[in-house]
Amino acid sequence: MKAVLRLLYTYFAGTLTHRILSAVGLMVTIATYVLLRTQPQSTLLGAMAFLGAVSFYLGSSMMPLTFGRMARAQLSNLLPGGRVKLLVSALITVLLVALPMPVTLVSGLLVAIGPYGHPTPEQIAQFHRAIIETFWTTYSVVIVFCAWLYVALWFITSKRNTWGFLQGLIVIAVVLVAPTRNIVLPNSLMWWDLTQCAVTLASFAVLFLLWPRLRLLGQHWGLGTGSRDWPGKRSRVRGREVDLLLGTSNPWLLAVGQLVPVLLATRIGYYSASVWLFYLTIFSTVAGAIAGRAAERSRVLWLRGEWSTVQLFSRVERSFWRHNVCVLGILVILMVVIGRYRDLPVVLLATGLPLLVLGTVLSTYLGLMLTRGLRLAESVLAVAVMLALMAVAVLAARNADDLLTIVLLECGLAVMALALRYAARNRWAHIDWMQCRVDRALIGRSAA
Amino acid sequence: MSNPTVQAEHLSKAFGHKQVLRDLSFNVMPGDVIGVLGKNGAGKTTLLELMLGFTPPSSGDIRVFGHESRQLPGAIKKRVGFVPQQDELLDSLVVSDQLNLIASFYPHWDKELVDQLCAAWDINVSARVKTMSVGERQKLSILLAFGQRPDLLVLDEPVASLDPLARRQFLEQLVELSTDASRAVVFSSHIVSDIERLANRIWILKEGRLYWHGELDALKESIVRLHVQATGALPERVDLPGLLSWRRQGSGATAIVKDWSQQSTQAFQEQFKCDVRIESLGLEEIFLELHR
Amino acid sequence: MFILNPQSGVPIYRQLLDQVRRMVSSGQLQPGAALPSIRDLALLHAINPMTISKAYSLLEAEGLLERHRGKPMTVAGQSAARPQLSKRLQQIEPLLEQVVLAGRQLQISEVELAAALHRKWEESDE
């Protein structure tokens, strides 16, 4: 029990950033709850509730990495009750983190009873039942959503190659697909949702506990000896040294790989234009995520070549552009095809395509700026940029006619991209390689 | 005769087609400090992992405190400590949080000892793990195992990255631990001098087999180097009981022999009309000679 | 107090045995003198306490040391006999071996060697 509590403490309060995020999230949620009991619903309160939930979730974002690391550590086999306690702590985290949204939602609904005439006792009882159902439905859906998001986070933070990112992408795609469906179909039964939730959590738990045995069976049947051989890897890797070192030598992997989650989504989901644009914009930023490790990896290049750090920067930049042009190309074609298929207005396509390009450019330069590791300033900037992109995407889809605003916003984003490039270039001129050390532990276990 | 801490019988381990360990049988008794020596890839880490139940044996049996190593109950796990070759610390945590996290799993955690060692070993309790050097991280890993006060302590190359001072401090702590005759320590190391100081029993792993498993003193007394000086020519090859190697050098030769005795010296001197000088060997020399 | 070399080909317990015996014979360790405790000696030299315990037990069996419950080992009193001649001869055995070997290498005959030994003995009497 003590161990589980300690684990929970580690997830939510392991670093200062996480402590702040968890605390802020909790306080905002409580404040929203209290306010919703007295004030009518409004977009502001809705936004507060959303932000509180998100902040609280982000506060626990250390969970997937910590969990993954401890689960893979040999020591966890020796810790008494290690795996079980680890699992329990993860489940409790998911249950806690999913709580703010349904709670604030329900409190908002509760207030709505008041001003509507004189309801009969049956009506009140019915209303209460409906509220309870809404609570459990929302809660279970959010639980599943959060759980999958954690899985995606784990893929993205623990794997350090393109294939890992792709795996994370695929999971995110599934995540964004399934709950959206649920929310759109309001007649989903509470029991169905609860069952779905229970089944998801239970299967994950069982899989986790049985994983050592399964892995052993896998080894028995000769399925891999632990070496990383991702699909598409050829026996001879060709490319320039720059590209090879930075991981940009094979853009087709990401380019073609993107197709998988997108096609998955077309098969499964129902979508409005805004969701699509939103979706694709997120995708366009992944290409840049690889750029985040460029600084650290380029140290070898600097040692070998006769380039100064500024020259190195332009070489690296060029390498990433070579990579991104391929990936973006595919994405743009995808956008056009889907657009025609779904009969999206041409205006939307016209505003959407630049957005995709901007997304890639912004995230690439953000990644290149990470010469001092991912600290608070960089994280905040990254989140801000992501939110801006998403906001513009949604805006472009909703108000496709208001061209001027959208164009202005996109120009603004373009200016931001230039500013980020300037900042990145500056940073590289004074780069201190001792400070951009990636998690050594992750490198040591990159084969795991 | 107390119960063995670890008991293995005809233990073998293969990964796919690669046979790593063959037919090992041994006992670890409480009070033993066992040094495991072997070339890289000889199977040291595999042996330790088998002992801790991380992987099942391909054939044979291994028991820890009487239980199958793969099915150690929680109560037994509390008595086993392990220091892995590559540390498994959580980088984003502060040292004190990391210590508290592991401590929460063990009810008999010795907080006093841990605090005392943190001070003695120069570990900054409020530093973040990712800012620590490799040596400091290794010290912390070792500390985590000591805090448990285990009855069986298994260490895989624990001092590979430690400076001489830190190594000596670690050895002193192990000595302290081994004054308690109910605890057993098994550690593998390349630093032969450490093993010579601390171990009372040696396991030498060669080609997957336990080439030697016995007392260190007996090993040193058994294997000696003969320096032969002859007036005439010496044969290219010689057939002697216990001969491990024979090298001719000019009018002399060097031989490594096992279980040598005074009578053997006299007989040899008479047979080959030569003079023989006996040199006893340190553990490193023995290891080198066994692998030449 | 003792010089112990763990890297030597001679096992540590034997080194300790030899040194204690020599110190007792030479009078460096008087009867009744206390020896360092096993734990202290082990910590000082960073060696396994069982090695020291083995040496001490062997010395006790020889009659050279006495064990006292709760107190460190002490050198046995004068009344505990001076070790037998054969035991004492055993101590210089390695030295004798060296002399014989050197003699052979330098091609000195046994008679000449014995004469040299006699001369040395006479000299040390003076």
Just the Cα atoms of the stretch B:1-155: what Rg and Dmax do they give in Å?
17.1, 48
Would you please give the residues with an amide H less than 5 Å from that of B:F82, counting only those at least 5 places away or on a separate chain, with H modeled from the backbone geometry?
B:V154
Value of Rg/Rh across chain B [Cα atoms, Kirkwood radius]:
1.06
Net charge over other residues, Cβ less than 11 angstrom from the Cβ of B:I223 (K, R count +1; D, E count -1)
-2
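Around A:E378, what is the net charge, scoring Lys/Arg as +1 and Asp/Glu as -1 over all other residues with Cβ under 13 Å from its Cβ? It would help to have the intermediate numbers written out before the result.
Numbers: positive: A:R372, A:R375, A:R427; negative: none.
Local charge sum for A:E378: +3.
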Select from the stretch C:1-40 all residues whose loss of accessible area on going from the chain by itself to the full protein assembly reaches 20 Å² or more (probe 1.4 Å).
C:P6, C:Q7, C:G9, C:P11, C:I12, C:Y13, C:R39
Which residues in the stretch B:15-46 place their backbone N less than 20 Å from a point set 7 Å from the Cα of B:Q85 along the Cα-to-Cβ direction?
B:15-24, B:34-46
For the pair B:Q229 and A:V199, how long in nm is the line joining their label points, each one 7 Å along Cα→Cβ?
8.9
With a 10 Å cut-off between alpha carbons and a GNM built on chain C, which of C:I47, C:I92, C:I38 moves the most?
C:I92
Is there a quick way to get the dipole size of the stretch B:137-292? I mean about its Cα centre, with the Cβ of Lys and Arg at +1 and of Asp and Glu at -1; what is the value in debye to the nearest 20?
280
With θ set to phi - 60° and the Karplus curve 6.51 cos²θ - 1.76 cosθ + 1.60, what are the ³J(HN,Hα) couplings of the stretch B:163-178 in order, to the nearest whole Hz, using x for Gly and Pro?
6, x, 5, 4, 5, 5, 4, 4, 4, 4, 5, 5, 4, 4, 5, 7
In nm, spacing of pseudo-spin labels at A:E241 and B:E236 (7 Å Cα→C-beta vector)
5.0
Eigenvalues of the alpha-carbon gyration tensor of the protein assembly as shown, times 5 and square-rooted, give semi-axes in Å, largest first, of 71, 32, 24
If you count only protein heavy atoms and use a 1.4 Å probe, how large is the accessible surface of A:W148, to the nearest 10 Å²?
100
Can you give the accessible area of A:C411 in Å² (nearest 10), computed on protein heavy atoms with a 1.4 Å probe?
70
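Mind checking the full-extension length gain between A:T38 and A:A388? Use 0.36 nm per residue of separation minus the Cα-Cα distance, one decimal, nm. Provide the component values of the computation, followed by the final result.
Details: separation 350, 0.36 × 350 = 126.00 nm, distance 3.20 nm.
Taking A:T38 through A:A388 to full extension adds about 122.8 nm, to one decimal.
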Distant alpha-carbon pairs in the stretch A:35-118 (separation over 17 angstrom), percent
60
Computed over the stretch A:1-86: relative contact order in percent, which uses C-alpha pairs under 8 Å that are six or more apart
39
Got a sec to turn the phi values of the stretch A:378-394 into Karplus ³J(HN,Hα) couplings, 6.51 cos²θ - 1.76 cosθ + 1.60 with θ = phi - 60°, whole Hz, x for Gly and Pro?
5, 4, 4, 4, 4, 4, 4, 4, 4, 4, 4, 4, 5, 4, 5, 4, 4
Descending accessible area (1.4 Å probe), largest on the left, turns B:L174, A:L96 into A:L96, B:L174
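Less than 11 Å Cβ to Cβ from C:L29, Lys/Arg counted +1 and Asp/Glu -1: what total charge do the surrounding residues give? All intermediate terms of the calculation are to be shown ahead of the outcome.
Values: positive: C:R21, C:R22; negative: none.
It works out to a net charge of +2.
About the Cα centre, and with charges only on the beta carbon of Lys, Arg (+1) and Asp, Glu (-1), how big is the dipole of the stretch B:224-292? Nearest 20 debye, please.
Values: 8 positive and 9 negative charges, 35 e Å.
Dipole magnitude for the stretch B:224-292 comes out near 160 debye.
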Suppose R0 equals 56 Å; then what is the FRET efficiency for A:S314 and A:L209 from their Cβ-Cβ distance, rounded to the nearest 0.05?
0.65
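How far, in nm, would the chain grow between A:R322 and A:R19 when pulled straight, counting 0.36 nm per residue and subtracting the alpha carbon separation? Display every interim value, and only then the final one.
Details: separation 303, 0.36 × 303 = 109.08 nm, distance 4.00 nm.
Going from the current span to full extension adds 105.1 nm.
When the dipole is taken about the Cα centre of the protein assembly as shown, and only Lys, Arg (+1) and Asp, Glu (-1) are charged at their Cβ, what size is it in debye, to the nearest 20? Kindly include the intermediate steps, with their values, before the conclusion.
Working: 85 positive and 66 negative charges, 468 e Å.
Its charge dipole is roughly 2240 debye.
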Label point 7 Å beyond Cα of A:A414 along Cβ direction - residues of the stretch A:339-366 with amide nitrogen under 14 Å:
A:351-359, A:361-362
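How much FRET efficiency would the formula 1/(1 + (r/R0)^6) give for C:H68 and C:Q91, where r is the Cβ-Cβ distance and R0 is 30 Å, rounded to 0.05?
My answer for the efficiency is 0.70.
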Alpha-carbon radius of gyration plus Dmax, which is the widest Cα pair, for the stretch C:1-91 in Å
12.7, 37
Please give the residues of the stretch B:188-202, grouped as numeric ranges, whose backbone N is less than 16 Å from a label point set 7 Å along the Cα-to-Cβ vector of B:E221.
B:200-202
Starting at the first residue of the stretch A:73-88, write each ³J(HN,Hα) from the Karplus equation 6.51 cos²θ - 1.76 cosθ + 1.60 with θ = phi - 60°, in whole Hz, x for Gly and Pro.
5, 5, 4, 5, 6, 8, 4, x, x, x, 4, 5, 5, 4, 4, 4
Pop the C-beta distance of C:E112 and C:A34 into the FRET formula with R0 = 45 Å and round what comes out to the nearest 0.05.
0.45
Amide H neighbours of C:L35 under 5 Å, at least 5 residues apart or on other chains, H built in the peptide plane: list them.
C:M73, C:T74, C:V75
With DNA, RNA and ligands ignored, accessible area of B:H213 (1.4 Å probe; Å², nearest 10)
90
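The values are calculated or read from the model by the stated rules, or taken from the named source; none is laboratory data. Computed from a predicted model, the values in this text were never measured in an experiment. Because the Cβ atoms are built from the backbone with ideal geometry, glycine has one as well, and the counts that use them run over all protein chains shown. Protein only, heavy atoms only, side chains kept; ligands, DNA and RNA dropped before computing areas. Shrake-Rupley method; radii C 1.70, N 1.55, O 1.52, S 1.80 Å.
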